Structure formats: C-alpha cells, structure tokens
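These notes are about the structure you will find just below.
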Amino acid sequence: MIQYEGTLYRPPSEANSLILQATLGCSYNECTFCAMYRDKKFRVRPLEELRAEIRWAAEQMGDVRKVFLADGDALIAKTRFLEDILDELNAHFPNLQRVSCYASPQALQVRSVEDMALLREKGLVLYYLGIESGHDDVLKRLDKGVDAAEMIRVANKATAAGVKLSTMILLGAGNRAGSLEHARESARVVNAIQPRFLSTLVMTPVEDTPLWDEAERGEVDDLDPLELARELREMLVHLELTGTIFRSNHASNYLTLKGTLPKDRDALVEVLDRVLANPGQAHFVPDWLRGL
C-alpha cells in the first residue's frame, strides 16, 4: 500500500490525482510564510519503495490518469531517479495523462532545459511555481531566495522545455503600504513568464513560521476583503497575457473568481469594481469557511 509520512499537501487541482510521495519535505524550506514542511527533514525516498507503491496503486486503483509527485520539492531529485519513477508510472498506467509536481525556484535553477524536456516527454508536464510577488523587497522579506529577475529566468527555462507552469501570487504580501506596487510588480513578472495557469492566495500567518513571529510583533498588516479586492484589481488591469487560465479558488481567498486571460479580464475587473463600489452586496467568503 501507499505510505505517507506527515501531513500531505497538494494543489486544489490535484484533488483527484494519485499522490506519490517521491520526496519528503522541501530542500529549501526557508520561505517565511510556509509551515508545510518544517516538521520534516528533506530526503529522497528509496526507488524500490515507490515502485512497490505504484504496483499497489495499479492493482487497487485501476485507471489512474493524473499523478502528483509530493512533497514540496520533488523536482530537485536527480533526473535519473525521476525518469525511473515516470517509466514505472507509464508502465502501470497506460491511460496516464499528466504527472505534476511543485517546483521551487531553487530546483529550477539546477534543472537543465534538456533534463526538463526529457522528463516532460515521459509525462512530467506541469510544475506548480509559487512566484508570490514580483517585487524584490517583498521577495526578500518572504525569503524566497531569488529576486524577480531570477524568478523570470528560471520559470522561462521550464517553458523552454515545453513544461506548463501553474503560478501563484500571494495577495497581501506587500502589506498595506506596498499593496498596489506589489500588485503591479507581480503583474510585470507574470507577464514576462506567460504561465498557463495563474492563481491567487491570501497571505496568512501560520504558527511556527517567521511570518507568524512578524505578525505577533505587529509587522504584518491584515488586509481586509476590500483592500485585497483592490489589490487584485490592480494586478488584473496590468496583466498582458496571451492565454492564461486564472483562478482565485484557493480556500484562503475572500472572492472566488475564474476566467481566461486576456478574454475575461475586463469582465473580472468589472466584478471587482462592483465589489468596491457596493461592498455590502459582495459575496465574500466568511472567515469560518476560509483556510489554507
């Protein structure tokens, strides 16, 4: 059977995927806002364990079409190791359509375009990349380990390899004073990357993280739903995309929006304009329904 160690995390769109814990934890694990892997020491799991789990899944689950490689940084593993996993998946799941994983900027720095293209040919076709912000000061404060220019460079390596990117921006990460500049700079970076998917999350301090400690010291602004709507609107009006699916369906959001950019951008902005003009009529998700 499949063995999972610790809490398991996956993107919302991987709800129906087979989750295979190829690695444990995150090799970087320094982002100030993230508590997901602080209780784990990063390691790559033995290949034989994973082969046994894939065989079990083939026997018990049948027609698997999507697989997500957990934990937070599976792409950092050696290319040969990932090739072996993908070969095993393809051998046991003939109708496999997609394998995906989280991709840290650090993993993208060390992966060559050639290696990513090879893995893409074997089915690893989608990376989830947390951009978080396009503003260098915000990225430094979040301790992402890269500036905006490097974020663009490594993301475009994946695109050059034919890999699709699903990217995330953290609303509220610029605090109140930097909210609109954070939105504009994030749009600039997203424009330079041209991801296939773009989603927003709301930055939320979590216990046992440096961000939580900052919040306890009063250094983190808790933007209200209207301020977050204004920030999202600012980002949307500055986006110049050619074919990106946009979602704000993560549980942390106050507003659930979706559309394809650029086709639906004006309609999404109009929704936000109505929210800002008539907040009493807005259908904000109540705090008790929001989460991480």
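The values are calculated or read from the model by the stated rules, or taken from the named source; none is laboratory data. Note that this is a predicted model, so its numbers are computed, not measured. Every residue, glycine among them, receives a Cβ derived from its backbone with ideal geometry; neighbour counts consider all protein chains shown.
Any residue in the stretch 229-250 that is modelled with pLDDT of 95 or more, within 26 Å of T32 (Cβ to Cβ), of a type in the set (D, E) and more than 22 Å from the chain's Cα centre (by Cα)? No, there is no match, as no residue in the stretch 229-250 is modelled with pLDDT of 95 or more, within 26 Å of T32 (Cβ to Cβ), of a type in the set (D, E) and more than 22 Å from the chain's Cα centre (by Cα).
Could you say which residue among E114, E132, E121 is under 28 Å from Q194 (Cβ atoms) and either at pLDDT below 95 or in contact with a helix residue (DSSP H, G or I) (Cβ under 8 Å, 6 or more places away or on another chain) (or both)?
From the options E114, E132, E121, the qualifying one is E132.
Scanning the stretch 194-213 for residues that are of a type in the set (A, V, I, L, M, F, W, C), closer than 19 Å to I131 by Cα and assigned to a helix (DSSP H, G or I) yields one hit, L211.
Filter the stretch 259-274 down to the residues that are of a type in the set (A, V, I, L, M, F, W, C) and within 17 Å of A229 (Cβ to Cβ), then identify the one that is nearest to the chain's Cα centre (by Cα).
Step by step, filter the stretch 259-274, then rank; the result is L268.
Taken over the stretch 121-175, the criterion of being buried (at least 18 other Cβ atoms within 10 Å of the Cβ) and small (G, A, S) is satisfied by G123, G130, S133, G134, A148, A155, A158, A161, S166, G172, A173, G174. The single condition from (1) surrounded by 15 or more Cβ atoms within 10 Å (Cβ to Cβ); (2) within 30 Å of S186 (Cα to Cα) that I54 fails is (2).
Tell me, please, whether a residue that is aliphatic (A, V, I, L, M), closer than 20 Å to V189 by Cα and not in a helix (DSSP H, G or I) can be found in the stretch 216-236. The answer is no, given that none of the residues of the stretch 216-236 is aliphatic (A, V, I, L, M), closer than 20 Å to V189 by Cα and not in a helix (DSSP H, G or I). Kindly establish whether V146 is among the aliphatic types (A, V, I, L, M), without any contact (Cβ under 8 Å) to a residue 60 or more places away in the chain and closer than 23 Å to V190 by Cα. Taking the combined requirement at face value, the residue satisfies it. Restricting attention to the stretch 176-231, the residues being in contact (Cβ under 8 Å) with a residue 60 or more places away in the chain, surrounded by fewer than 17 Cβ atoms within 10 Å (Cβ to Cβ) and in contact with a helix residue (DSSP H, G or I) (Cβ under 7 Å, 6 or more places away or on another chain) number 1. Kindly evaluate D87 against the criterion of being at pLDDT 95 or above, part of a helix (DSSP H, G or I) and under 30 Å from L226 (Cβ atoms). No; evaluated as a whole, the condition is false for this residue. Has the stretch 246-261 got at least one residue that is aliphatic (A, V, I, L, M), under 23 Å from I193 (Cβ atoms) and either touching a Pro at 6+ places or on another chain (Cβ under 9 Å) or outside any helix (DSSP H, G or I) (or both)? Yes, some residue in the stretch 246-261 is aliphatic (A, V, I, L, M), under 23 Å from I193 (Cβ atoms) and either touching a Pro at 6+ places or on another chain (Cβ under 9 Å) or outside any helix (DSSP H, G or I) (or both).
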